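So the structure is just underneath, and the comments pick up after that.
The values are calculated or read from the model by the stated rules, or taken from the named source; none is laboratory data. None of the values given here were measured: they were computed from a predicted structure. Here the Cβ is made from the backbone with ideal geometry for all residues, glycine too, and neighbour counts use every protein chain on show.
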């Protein structure tokens, strides 16, 4: 037994609403790890179009999602193209409409609002209708509650919820979190993961350490 192949677009037979995103998303500015899936009743094939918003290659920011992440229906990743210049009296983007309004626009006033890549770690669960704002990093093992709006970085193995999302609790104590990040089971060969599933899904740290 070795688990499903990570390049299967629809890995659950007769259940086409779930799809592994790595083989489905071809955008050059999106990176997705093995076994990360999106669940949508309309199907996962349009994930990049429906869920990754205001993402323009000329800006240079990336959406980076790790391995073994679970992304629920309606999750949205807002990218830097949504930002407006805020240093003047108005935030209205006059320049993009042209016809003379582009004259005199100082690009640096917009560039200072760019917040970098959005990075989702490994084994992250993003709940239904959650919104991830530009430049946010979410640590491995974290859980983002349904309808949360994530405006700041989320620590590894934290549970966050609300608008703006705040840490509700940590899933494990600090020593366990540190060891899990050191072990990084998601980087193991899939055959090794398969052999140690009981430890991974059963929270058996000693067994996981022994398998390291």
Please tell me if residue 77 is surrounded by 19 or more Cβ atoms within 10 Å (Cβ to Cβ), in contact (Cβ under 8 Å) with a residue 12 or more places away in the chain, within 21 Å of residue 7 (Cα to Cα) and not assigned by TED's automatic domain parsing to the domain that holds residue 190.
no
Name the residue, out of 23, 13, that is in the same structural domain as residue 138 (by TED's automatic domain parsing), without any contact (Cβ under 8 Å) to a residue 60 or more places away in the chain and more than 20 Å from residue 130 (Cβ to Cβ).
23
Does segment 123-156 hold any residues that are closer than 20 Å to residue 175 by Cα and touching a helix residue (DSSP H, G or I) at 6+ places or on another chain (Cβ under 9 Å), and which are they?
123, 139, 140, 141, 155, 156
Could you go through segment 115-138 and let me know if any residue there is at negative phi, modelled with pLDDT under 90, surrounded by fewer than 17 Cβ atoms within 10 Å (Cβ to Cβ) and out of contact with any strand residue (DSSP E or B) (no Cβ under 9 Å at 6 or more places or on another chain).
no
Which pairs do you get when a residue that is not assigned by TED's automatic domain parsing to the domain that holds residue 124 and exposed (fewer than 11 other Cβ atoms within 10 Å of the Cβ), found in segment 189-208, comes within reach of a residue that is assigned to a helix (DSSP H, G or I) and at pLDDT 90 or above, reach meaning Cβ atoms under 9 angstrom, with the pair 6+ apart or on two chains?
206/199
Is it fair to say residue 66 is outside the structural domain of residue 197 (by TED's automatic domain parsing), surrounded by 17 or more Cβ atoms within 10 Å (Cβ to Cβ) and under 18 Å from residue 123 (Cα atoms)?
yes
Restricting attention to segment 148-159, does a residue exist that is within 25 Å of residue 41 (Cα to Cα), modelled with pLDDT of 95 or more and surrounded by 19 or more Cβ atoms within 10 Å (Cβ to Cβ)?
yes
Could you say whether any residue in segment 104-113 is in contact (Cβ under 8 Å) with a residue 12 or more places away in the chain, closer than 30 Å to residue 183 by Cβ, outside the structural domain of residue 178 (by TED's automatic domain parsing) and buried (at least 17 other Cβ atoms within 10 Å of the Cβ)?
no
